[in-house]
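Down below is the structure, laid out as structure tokens.
The values are calculated or read from the model by the stated rules, or taken from the named source; none is laboratory data. These numbers were taken from a predicted model, which means no experiment stands behind them. When we count neighbours, we look across all protein chains shown, and the Cβ atoms used for this are built from the backbone with ideal geometry, even at glycine.
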Amino acid sequence: MIKPALIDTDVLSMFLKGRSKVMAHFETYLAQYDKVNFSIVTYYEIVSGLRHRDAHKQLTMFVEFASRNVILPLTEKSVNISAEIYADLRSIGMPIDDIDLLIAGTAIANDMVLVTHNRKHFDRIGVLQVDDWGER
């Protein structure tokens, strides 16, 4: 059984672009779960990127896709976890950006595996379970 997953922005972008390896992982995951999960922060990143590119068709398609899946909000619990990770990483001189911290905190707060291709940042967070479905 696959543990519930939180999909990071980079992997979700690859999925939306139809990358075959990523599509296969989604297919396997969706055979067990009805929906994929991603953070409201990932929603923001995708929507802001599409608006910046003035990509109306892709924006409409993404909003429709999002409405059929689960967008997890930031909560006090997830933000407190993110803040603790921030302080720990900053104290050892290995900080990561706030967006990644908020996504990681959401995954941990919801007891999910974070699915990302950004291992460089997320592997620094010892309590975070990470899986890589990505391709470049």
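What residue, among those in the range 21-46 that are within 14 Å of the chain's Cα centre (by Cα) and of a type in the set (Val, Ile, Thr), is nearest to Gly134 (Cα to Cα)? Result: Val22. If you go through the range 43-69 and keep only what is of a type in the set (Ser, Thr, Tyr) and either surrounded by fewer than 16 Cβ atoms within 10 Å (Cβ to Cβ) or in contact (Cβ under 8 Å) with a residue 40 or more places away in the chain (or both), you end up with Tyr44, Ser48, Thr60, Ser67. Of the numbered conditions (1) touching a His at 6+ places or on another chain (Cβ under 9 Å); (2) more than 22 Å from Gln129 (Cα to Cα); (3) not basic (Lys, Arg), Met14 satisfies every one except a single condition; which is it? With respect to (1) touching a His at 6+ places or on another chain (Cβ under 9 Å); (2) more than 22 Å from Gln129 (Cα to Cα); (3) not basic (Lys, Arg), Met14 is out only on (2).
Number of residues in the range 82-112 that are of a type in the set (S, T, N, Q) and surrounded by fewer than 20 Cβ atoms within 10 Å (Cβ to Cβ) equals 2. Met1 satisfies every condition listed in (1) modelled with pLDDT of 95 or more; (2) over 14 Å from the mean Cα position of the chain (by Cα) except (1). If only one of Asp111, Asp123, Asp54 is on the phi > 0 side of the Ramachandran plot and at pLDDT below 95, which one is it? The conditions single out Asp54. Checking each residue in the range 97-121 for being free of Cβ contacts under 8 Å to residues at least 60 places away in the same chain and more than 15 Å from Val79 (Cα to Cα) picks out Arg119, Lys120, His121.
Among helices (runs of 4 or more DSSP H) entirely within the range 1-117, having at least 3 residues that are out of contact with any helix residue (DSSP H, G or I) (no Cβ under 8 Å at 6 or more places or on another chain) singles out 20-32, 40-52, 56-67, 76-91.
Here Val79, Val115, Val127 are screened, and the one residue that is under 24 Å from Asp34 (Cβ atoms) and either of a type outside the set (Phe, Trp, Tyr) or surrounded by 13 or more Cβ atoms within 10 Å (Cβ to Cβ) (or both) is Val115. Scanning the range 118-132 for residues that are farther than 14 Å from Lys3 by Cα, in a loop (DSSP other than H, G, I, E, B) and in contact with a strand residue (DSSP E or B) (Cβ under 7 Å, 6 or more places away or on another chain) yields one hit, Asp123.
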